Amino acid sequence: MLDPLLLLGALSIALITIPATPSLDPGPSPACPDDMRLVEGVHADEVQHLCVDPRPSARDTHCFAYWEGLTAEEGALTDIAVCMDQFEAPNRRGARPLVMKSFHDAEDWCGARGKRVCSEQEWELACEGPERRPWVYGWTADRHVCNSGKGWRQFDAKRLAAGGEEAKDELARLWQGALSGSHHGCVSSYGVYDLIGNVEEWVATRKGRKWSGALMGGFWSKPWTGCRGTNDAHETKFAFYETGFRCCADPKPVEDVTPASVAKPSPRNAAGTSSKPL
């Protein structure tokens, strides 16, 4: 018969060594550098979800929950395979994301490292995954999963434009960002962190938009922002206290590599019938 005290000791050791939060990161791919993740799948040009929790505000109505699993796909379906930085620039776990960056800053920073700015479509696929989820973590907005529940602070545009210590002090007052990867549940099925909230990310836009760059993912004071809903209101020179980015690169050819474990979604809904607009 086993000693109860020995069993209790073994159980205690097991509880200590088991991670409290299991990793949602599938890990690196041979096709990408270790600090990037392979995003591979089919992108739908447009998706429609059925809102079940609309909340009006002073300026607009935002949706905080959608009917789970109900998605209509519209427009072109495009195969995508891209290496994406796992974290917002400077792409280091535990680092403070870069802000006050314009689209041109993002192009220069990524280009200097042999990368490029991610496209709008690549960003959308990385965020919503093959399940076409409205938020990286699911179908209902949760301001605590990602860094997206902070109260908005009135900014002083003159102090920000002044430069020097005055601008530095104003940025410090406005800052409510989180260190990259510190929100353990804010990770996509591809292993990409902080796509929702934290800092808004510059992307290269799809055809038809006014500017060549736009912002995605919202920032720490936009709890409703999801995987779709591009902010294309700003010209590409725009840089503000919450604007950042991450980089992408084309995968390298790898011989004898098995297909990505994330299955490509079918242009059909869960019931097996062709999707129709909702």
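The values are calculated or read from the model by the stated rules, or taken from the named source; none is laboratory data. Everything numeric here is computed off the predicted structure, so don't read it as measured data. Heads up, the Cβs are rebuilt from the backbone with ideal geometry, glycines too, and the neighbour counts pull from every protein chain shown. All accessible areas refer to the heavy atoms of the entire protein, side chains included, with ligands and DNA or RNA removed. Shrake-Rupley method; radii C 1.70, N 1.55, O 1.52, S 1.80 Å.
Within segment 115-129, does at least one residue satisfy the condition of being in a loop (DSSP other than H, G, I, E, B), modelled with pLDDT of 95 or more and closer than 15 Å to Asp85 by Cβ?
yes
Can you tell me which residue is nearest to Trp123 (Cα to Cα) among those in segment 205-224 that are open to solvent by 10 Å² or more (accessible area, probe 1.4 Å) and in contact with a Phe, Trp or Tyr (Cβ under 8 Å, 6 or more places away or on another chain)?
Among them, the one singled out is Thr205.
Quick one: which of Glu255, Glu235 is modelled with pLDDT of 95 or more, open to solvent by 40 Å² or more (accessible area, probe 1.4 Å), out of contact with any helix residue (DSSP H, G or I) (no Cβ under 8 Å at 6 or more places or on another chain) and assigned to a loop (DSSP other than H, G, I, E, B)?
Exactly one residue qualifies, and that residue is Glu235.
Got a sec? Which strands (runs of 3 or more DSSP E) wholly within segment 19-99 have at least 1 residues that are surrounded by fewer than 20 Cβ atoms within 10 Å (Cβ to Cβ) and touching a Leu at 6+ places or on another chain (Cβ under 9 Å)?
Here the list reads 36-51, 66-85.
Hey, Arg143 hits all of (1) buried (at least 23 other Cβ atoms within 10 Å of the Cβ); (2) farther than 17 Å from Met100 by Cβ but one; which does it fall short on?
Checking Arg143 against (1) buried (at least 23 other Cβ atoms within 10 Å of the Cβ); (2) farther than 17 Å from Met100 by Cβ, the one that fails is (1).
Just name the residue that is surrounded by the most Cβ atoms within 10 Å (Cβ to Cβ) out of those in segment 112-128 that are more than 20 Å from the chain's Cα centre (by Cα) and at negative phi.
So the residue we want is Arg113.
Quick one: count up the residues across segment 193-216 that are assigned to a loop (DSSP other than H, G, I, E, B), of a type outside the set (Lys, Arg) and over 28 Å from Arg173 (Cα atoms).
4
With the condition kept exactly as written, say whether any residue in segment 217-230 is in a strand (DSSP E or B) and either aliphatic (A, V, I, L, M) or out of contact with any strand residue (DSSP E or B) (no Cβ under 6 Å at 6 or more places or on another chain) (or both).
no
Considering each of Ser221, Ser212, Ser189 in turn, give the residue that is touching a residue at least 24 places away in the same chain (Cβ under 8 Å) and within 14 Å of the chain's Cα centre (by Cα).
Matching residue, one of Ser221, Ser212, Ser189: Ser189.
Please state which of the following conditions Glu131 fails to meet, knowing it meets all the rest: (1) within 13 Å of Tyr241 (Cβ to Cβ); (2) open to solvent by 50 Å² or more (accessible area, probe 1.4 Å); (3) in contact (Cβ under 8 Å) with a residue 40 or more places away in the chain.
The one condition Glu131 does not meet is (1).
Looking at segment 183-202, can you tell me whether even one residue there is open to solvent by less than 20 Å² (accessible area, probe 1.4 Å), among the aliphatic types (A, V, I, L, M), out of contact with any strand residue (DSSP E or B) (no Cβ under 8 Å at 6 or more places or on another chain) and closer than 26 Å to Asn91 by Cα?
no
Scan (1) in contact with a helix residue (DSSP H, G or I) (Cβ under 7 Å, 6 or more places away or on another chain); (2) open to solvent by 10 Å² or more (accessible area, probe 1.4 Å) for the single condition Val136 breaks and write down its number.
The number of the failed condition is (2).
Taking the criterion of being buried (at least 20 other Cβ atoms within 10 Å of the Cβ) and outside any loop (DSSP other than H, G, I, E, B), would at least one residue in segment 148-171 satisfy it?
Among the residues of segment 148-171, not one is buried (at least 20 other Cβ atoms within 10 Å of the Cβ) and outside any loop (DSSP other than H, G, I, E, B), which makes the answer no.
Would you be able to say whether some residue in segment 73-93 is touching a residue at least 60 places away in the same chain (Cβ under 8 Å) and of a type in the set (Ser, Thr, Tyr)?
No, there is no match, as no residue in segment 73-93 is touching a residue at least 60 places away in the same chain (Cβ under 8 Å) and of a type in the set (Ser, Thr, Tyr).
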